[in-house]
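Here the structure comes first, spelled out in C-alpha cells, and everything after it is commentary.
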Amino acid sequence: MNTKLKGPEDFKASSGWLHKFKSRHGIRELQIQGESLSADSSSAENFKQIFQLFVEKEGYSQDSVYNESDESGLNWKALPRKSLASCQEHAARGFKVSKERVTIMTCANAAGTHKLPLLLIGKSKKPRCFKNIKNHHKTGKVLLLLDNAPTHPSAEVLNLIDPDYKVMFLPPNVTSLIQPMDQGVIEKFKRMYRKQMLRRLLLNEGTEESVVAFSKLLNLKHCCYMAADAWDNLTEENLRNAWKKLWVASMKLEAEEEITDLNNFDDFVDLFNEIPGFNDCNYDDAVDWLATDVNDLGYQILDSDEIISSLQNEESDDSSSDESMSTPKGPTSAEAFAAFETGLEWFEKQAECCPAQLLLLKRLRDLAAEKRVAAHRQIKIDNFVKKI
C-alpha cells in the first residue's frame with residue numbers, strides 16, 4: 001500500500017503506528033451482523049411495551065417523536081442492465097462495474113408532519129459539480145429513536161447535549177422488525193428516486209443518442225436534486241404508517257393503507273416503453289434494477305487498489321475545484337432574467353398554471369432583474385475607476 005501511494009521507502013507501519021492511526025481517525029474493528037437473519041422478535045416485543053409506557057409517562061406526542069434510519073447505500077447512477085446506455089457501458093474496453101454510490105440517512109417524526117432534510121454522504125470533499133452552488137429545528141421536548149449501532153456514542157453522552165432532546169436506542173437485532181424508517185420508507189424513497197431518473201431521461205430530446213449522452217453526464221448534483229425531490233414526495237401517510245409496528249396505541253383507527261405496493265413494477269415497465277433505448281427492458285429488469293442496492297447497508301468494502309484510486313480521484317477533484325472556484329461559470333443575471341420572462345409567459349398559458357407557482361416564478365424573475373441592474377452599475381463604477 002505504501003509503495004502504491006508513493007510513500008517514503010523506509011516507512012514501516014509498526015503496531016504502535018497502526019494503533020495511533022486508528023485512534024486518530026476513529027477506526028474500530030466491529031462485527032457486522034445481518035439484521036434480517038438475526039432479528040430478535042422477543043426483544044422487539046419487549047421494547048414496544050417499554051417504549052409505549054415511556055412516551056405515555058413523559059407525555060410525548062407523535063409530532064415530537066423521531067426516528068433516524070440506519071445508513072443505506074444508493075447506487076445513484078445505475079441504469080437497468082438491458083438499457084442501451086448500460087449495454088454500451090458494459091461493452092466499453094476496460095469496463096468495471098460502476099461503484100458510484102452515496103450513503104443516505106432519513107429522519108422523520110411519527111406524525112409524518114416533519115421530515116428532516118435528507119442526509120447524503122459522497123466521496124469527494126468538494127465535488128466539482130457543486131462549485132457554483134451556494135449552501136443555504138424542531139424546538140421543545142423531542143424524543144429521538146436510534147438503532148443500536150456500536151459506533152454511536154452512549155445515550156448518557158448524547159442526552160447531556162440538550163435537556164429538551166432525549167435519545168433512546170432500539171435493542172440489537174430489531175431494526176428489520178420495528179424500526180420505523182426500515183418499514184418501507186427507505187425502499188419507497190429509492191423507488192421514487194429511480195422514477196425521477198427515468199422521467200429525466202424521458203424529458204430528453206427523444207433519441208437514443210440523447211438518452212445515452214444524458215446518462216454519461218449525470219453527476220452528483222443531479223443525484224442530490226432527484227434525491228431531495230424523491231424524499232419530499234413521501235407523504236405524511238407514508239411516514240405515519242411506518243410507525244404502526246412500533247407504536248400501535250397512538251395510531252388512529254382508520255382504514256389502513258400500506259406505504260406502497262412494493263410488489264408492483266408495472267409503472268416502471270410503462271416508463272421503459274416510452275424511453276428510447278429501453279425497449280428491451282421488461283418486468284424482470286425492473287425487479288433487478290430496483291433491488292440493485294437493497295442490501296447495501298451504507299458502507300462500501302474496497303480492496304487496496306480501489307482505496308488508492310478513490311483517494312487519487314478525490315485529490316484530483318479537490319484540486320480542480322479549488323482552481324476553478326475563482327472563475328465561476330454559469331448563466332448571467334441578464335440571461336436568467338430572459339429565461340424567467342419566457343418561463344412566465346409560457347406558464348401563464350398552461351392548464352396547470354396556479355397562482356402560487358406563478359408568483360414564485362415572478363419572484364425569481366425579479367431577483368434576476370435586481371442582480372442584472374446591480375451588475376450593470378458595478379461595470380460602470382469599474383470603468384470609472386480604470387479611467388482615473
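The values are calculated or read from the model by the stated rules, or taken from the named source; none is laboratory data. Because the structure is a prediction, the values reported are computed rather than measured. So basically every Cβ, Gly included, is an ideal-geometry build from the backbone, and we count neighbours across all protein chains shown. Areas reflect the complete protein model, heavy atoms only, side chains present, ligands, DNA and RNA absent. Shrake-Rupley method; radii C 1.70, N 1.55, O 1.52, S 1.80 Å.
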Practice task
Answer yes or no: is there a residue in the range 47-67 that is of a type in the set (D, E, K, R), at pLDDT below 90 and either open to solvent by less than 70 Å² (accessible area, probe 1.4 Å) or over 24 Å from the mean Cα position of the chain (by Cα) (or both).
Solution key: no
Practice task
Might you let me know whether the range 24-33 holds any residue that is modelled with pLDDT of 90 or more, outside any loop (DSSP other than H, G, I, E, B) and under 28 Å from residue 119 (Cα atoms)?
Solution key: no
Practice task
Look at the range 164-194 and say how many of its residues are assigned to a helix (DSSP H, G or I) and either of a type in the set (S, T, N, Q) or more than 21 Å from the chain's Cα centre (by Cα) (or both).
Solution key: 4
Problem - Scan of the range 340-373 for residues that are open to solvent by 80 Å² or more (accessible area, probe 1.4 Å) and among the acidic types (Asp, Glu), ordered by number - result: 345, 348, 352, 370
Exercise for the section: Restrict the check to the range 176-198 and report whether at least one residue is modelled with pLDDT under 85 and in contact with a Leu (Cβ under 7 Å, 6 or more places away or on another chain). Expected result: no
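Wholly within the range 71-162, which strands (runs of 3 or more DSSP E) include no fewer than the required count, namely at least 2 residues that are out of contact with any strand residue (DSSP E or B) (no Cβ under 8 Å at 6 or more places or on another chain) and at pLDDT 90 or above? Steps first, answer last, please.
Values: elements: 72-74, 102-105, 107-109, 119-121, 142-146.
Passing ranges: none, list empty.
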